[in-house]
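> First the structure, which I've put down as structure tokens, then a few questions once you've had a look.
The values are calculated or read from the model by the stated rules, or taken from the named source; none is laboratory data. What you see is a predicted model; the values in this text were computed from it and never measured. Cβ placement follows ideal geometry from the backbone for every residue including glycine, while neighbour counts extend to all protein chains displayed.
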Amino acid sequence: MTSSTHPSAEALAAARHQFFEQHQTPGTLISPLIERSWQRSLKSGLTPGHCSRDARLSQPEFRHIRERNRTLLDIARPQLESLFEQIQDTQCAVLLADQTGTILHGVGDAAFVPEARRVELMPGGVWSEGARGTNAIGTAASEGRSVVVHGQEHFLDQNGFLTCAAVPVFDPGGQVIGVLDISSDARHSQRHTMALVNLAVSMIENSLLERTCERAHLMYLHPHAHLLGGLYEGIIAYDDNGHIIGANRWARHHLNVTDSTEQPLNLRTLFPRLTEPEAHASLVTQSGQTLHARHKAYRAPTRPTRPAPATPVSATKDPLAALDSTDPDIAKLITQARRIVGQGIPIVLQGETGVGKDVWARALHQAGPRSGAMVAVNCAAIPETLIEAELFGYRPGAFTGADKAGSRGRILDADNGTLFLDEIGDMPRSLQSRLLRVLQERQVTPVGGGQPIPVDCDLICATHARLREAVSQGVFRQDLYYRINGLTLNLPPLRSRSDIRALIDQVLADLGGGTLSQASYRLMIQHPWPGNLRQLHSVLRTARILCGPDESITPEHLSADFLAEARVESNGAALADWEQFAINTAMTDNQGNVSAAARQLNIDRSTLHRKLRLLSGK
């Protein structure tokens, strides 16, 4: 996270002395952004030695804030977990805050969490500039832009041990609704942190756009045609009259639209030569810039005049088929699942972290006959004090700070759909009996009492723990175990699958394309993959950011953590040996022709020249 662009410790000490003690402008000792934030912090009445009394919420206030930001939380949680997988074990925490700077959710390294708790860098802590002065979360929200705050750039003395990178999350209308942040110990340098946070925020914003504008027409655009479908394509949502009802940050960037307070935009305002949107593969903006486009028109679902006869799952397009990548063990699980789905039998997805349990849950839900939503609840991510109200809902006035309208709860949200309880093994034992009663009686009684409410939904549970062992240890109720365990699907770890090459190609395709050099392919096929599919996706996504748009992914683009995990072959060949073997083979195959060898290796010719000089010791 630190870089050569950060002021030195000496420069920061001098800047703080001039600003706080001599009341002078620090000049070039700090960036203008940090100086503006210091000025705002002073005007808020803060001093470097003390933060605001309003820097922490009570539990009832925190429940209310989380409930108000439920949509953002649901969409952002998977990205937080994926981001943390990429940088864990580096003394850091990944945090999501709302637009006021209140931290809603976070995951962090066990070694860093005590330090973070010491300054309340945790859920329920308020990190607005008004509460804690200059900090990445609050300053990103105030400035509406990506911010890195390093060491003593923080306004408060107590936060000087931190280095934080934060990116604001914009809603489809261009308003800041949250902030995603990575914080770590300032002594532990992290490379590419801001790029990773920006990428995660882009995915969150795209998901918000799709959910908020699900009945709109969509236009995807980019200045380069071959980058459509990639990480940085713009997305515009518009209605039948061409009025813009939402756009992601890349659309605003490509169109140079920065002020969300202007009068509503229209497609024909943005593209004066536009006729029918779907007829255009390229568009010219008011300024004369050409953007390449593809379109997805909204088609309202047609309602049949009478109920259509039930169609067997095997006769329809089966979402489970998308999980089949030629591995025989996976094919056997798909066969079992296809026979069970739609029969009202609860399913347990068992497997290591990152094997794709959430992907399987979505496929099982989509393959079933129910028309309701799939509601996912991560039992390990919700604080124990909140999980009861989160699952079962609550009556108006059930507790101090409760929403006046009450809450249905996640179980009722899944009515006529699927309830997906992720990490069920981490559910507090005190709540297991309540869940068992709901599953047996098929009705929910909200917190605060009242009449039970009927509910009918399919149940899918997932866990990385061995539930049978948890039962024997008294951690998990035996009766609940037998109630949820209609069929257990043991998802294999990536290292034991025979379809790794096909999975690599699929992930690259999902990321917008890309190629691997032979050395990179060989490394990935031999890798132990402790983080499984989630790690594979993270490694490839990071590598794609680090290499150029037309460049193949070579070992130098792979993260240091990935390379540190790399195992040697049985003959003792190390990572460098694999690369040397691949280069020597390519040069021999092509009679020493560097250009032809580079093409075979899928790397740039200049890269191969550099590696050949290193191998020869020159």
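> Among the listed residues Ser472, Ser498, identify the single one that is over 25 Å from Ala389 (Cα atoms) and free of Cβ contacts under 8 Å to residues at least 12 places away in the same chain.
Values: Ser498 fails: free of Cβ contacts under 8 Å to residues at least 12 places away in the same chain.
From the options Ser472, Ser498, the qualifying one is Ser472.
> What's the number of the only condition in (1) modelled with pLDDT under 90; (2) in contact with a strand residue (DSSP E or B) (Cβ under 9 Å, 6 or more places away or on another chain); (3) closer than 23 Å to Ile453 by Cβ; (4) among the hydrophobic types (A, V, I, L, M, F, W, C) that Ala405 fails to meet?
Unmet condition: (2).
> Shifting gears a bit: Condition check: touching a residue at least 60 places away in the same chain (Cβ under 8 Å) and over 30 Å from Ile411 (Cβ atoms). Does Gly486 satisfy that? Steps first, answer last, please.
Values: touching a residue at least 60 places away in the same chain (Cβ under 8 Å): yes; over 30 Å from Ile411 (Cβ atoms): no.
So Gly486 fails the test.
> Can I ask one more? Quick one: is Gly234 closer than 20 Å to Pro277 by Cβ, among the small types (Gly, Ala, Ser) and either within 22 Å of the chain's Cα centre (by Cα) or loosely packed, with under 15 Cβ neighbours inside 10 Å (or both)? Steps first, answer last, please.
On the way: closer than 20 Å to Pro277 by Cβ: yes; among the small types (Gly, Ala, Ser): yes; either within 22 Å of the chain's Cα centre (by Cα) or loosely packed, with under 15 Cβ neighbours inside 10 Å (or both): yes.
The answer is yes for Gly234.
> Kindly evaluate Leu180 against the criterion of being in contact (Cβ under 8 Å) with a residue 40 or more places away in the chain and under 26 Å from Leu291 (Cβ atoms).
Values: in contact (Cβ under 8 Å) with a residue 40 or more places away in the chain: yes; under 26 Å from Leu291 (Cβ atoms): no.
The answer is no for Leu180.
> Name the one entry in Leu503, Leu511, Leu516, Leu435 that is out of contact with any helix residue (DSSP H, G or I) (no Cβ under 6 Å at 6 or more places or on another chain), farther than 24 Å from His365 by Cβ and touching a residue at least 24 places away in the same chain (Cβ under 8 Å).
Details: Leu503 fails: farther than 24 Å from His365 by Cβ; Leu511 fails: out of contact with any helix residue (DSSP H, G or I) (no Cβ under 6 Å at 6 or more places or on another chain); Leu435 fails: farther than 24 Å from His365 by Cβ.
Going through Leu503, Leu511, Leu516, Leu435 in turn, just one is out of contact with any helix residue (DSSP H, G or I) (no Cβ under 6 Å at 6 or more places or on another chain), farther than 24 Å from His365 by Cβ and touching a residue at least 24 places away in the same chain (Cβ under 8 Å): Leu516.
> Hey, can you tell me all the residues within the stretch 365-397 that are part of a helix (DSSP H, G or I) and at pLDDT below 90?
Restricting attention to the stretch 365-397, the residues satisfying the condition of being part of a helix (DSSP H, G or I) are 365-367, 384-392.
The answer is Glu384, Thr385, Leu386, Ile387, Glu388, Ala389, Glu390, Leu391, Phe392.
> Note down all Cβ pairs under 6 Å where the first residue falls in the stretch 27-41 and is in the same structural domain as Gln152 (by TED's automatic domain parsing), the second is hydrophobic (A, V, I, L, M, F, W, C) and surrounded by fewer than 19 Cβ atoms within 10 Å (Cβ to Cβ), and they're at least six residues apart or on different chains.
Within 6 Å, the pairs are Leu29/Ala11; Leu29/Ala14.
> Test of understanding: among His23, His17, which residue is more than 30 Å from Gln86 (Cβ to Cβ), over 33 Å from the mean Cα position of the chain (by Cα), assigned to a loop (DSSP other than H, G, I, E, B) and not hydroxyl-bearing (Ser, Thr, Tyr)?
His23
> Looking at the stretch 31-95, what helices (runs of 4 or more DSSP H) fall wholly within it and have at least 2 residues that are of a type in the set (Ser, Thr, Tyr) and at pLDDT 85 or above? Steps first, please.
Values: elements: 32-43, 59-68, 70-87.
Output list reads 32-43.
> Taking the stretch 177-194 as the region of interest, how many residues are surrounded by fewer than 24 Cβ atoms within 10 Å (Cβ to Cβ) and either farther than 30 Å from Asp89 by Cα or among the charged types (D, E, K, R) (or both)?
Counting residues in the stretch 177-194 that are surrounded by fewer than 24 Cβ atoms within 10 Å (Cβ to Cβ) and either farther than 30 Å from Asp89 by Cα or among the charged types (D, E, K, R) (or both) gives 3.
> Check His365 against each of (1) surrounded by fewer than 22 Cβ atoms within 10 Å (Cβ to Cβ); (2) within 12 Å of Leu419 (Cβ to Cβ) and name the one condition it does not meet.
His365 satisfies every listed condition except (1).
> If Gly160 satisfies all but one of (1) buried (at least 24 other Cβ atoms within 10 Å of the Cβ); (2) without any contact (Cβ under 8 Å) to a residue 40 or more places away in the chain; (3) not hydrophobic (A, V, I, L, M, F, W, C), what's the number of the condition it fails?
Result: Gly160 passes all but (1).
> Looking at Val148, Val197, which is the one that is aliphatic (A, V, I, L, M), surrounded by 24 or more Cβ atoms within 10 Å (Cβ to Cβ) and assigned to a helix (DSSP H, G or I)? Before the answer, list the steps.
Values: Val148 fails: assigned to a helix (DSSP H, G or I).
Sole residue among the options that is aliphatic (A, V, I, L, M), surrounded by 24 or more Cβ atoms within 10 Å (Cβ to Cβ) and assigned to a helix (DSSP H, G or I): Val197.
> Given the condition buried (at least 19 other Cβ atoms within 10 Å of the Cβ), of a type in the set (A, V, I, L, M, F, W, C) and free of Cβ contacts under 8 Å to residues at least 40 places away in the same chain, answer yes or no: does some residue in the stretch 46-54 qualify? Even if it seems obvious, please write down each step before you answer.
Of the stretch 46-54, the ones buried (at least 19 other Cβ atoms within 10 Å of the Cβ) are 46, 48, 51.
With the extra rule that they be of a type in the set (A, V, I, L, M, F, W, C), the set shrinks to 46, 51.
From the residues that got through so far, the ones that are free of Cβ contacts under 8 Å to residues at least 40 places away in the same chain too are none.
No - not one qualifying residue is present in the stretch 46-54.
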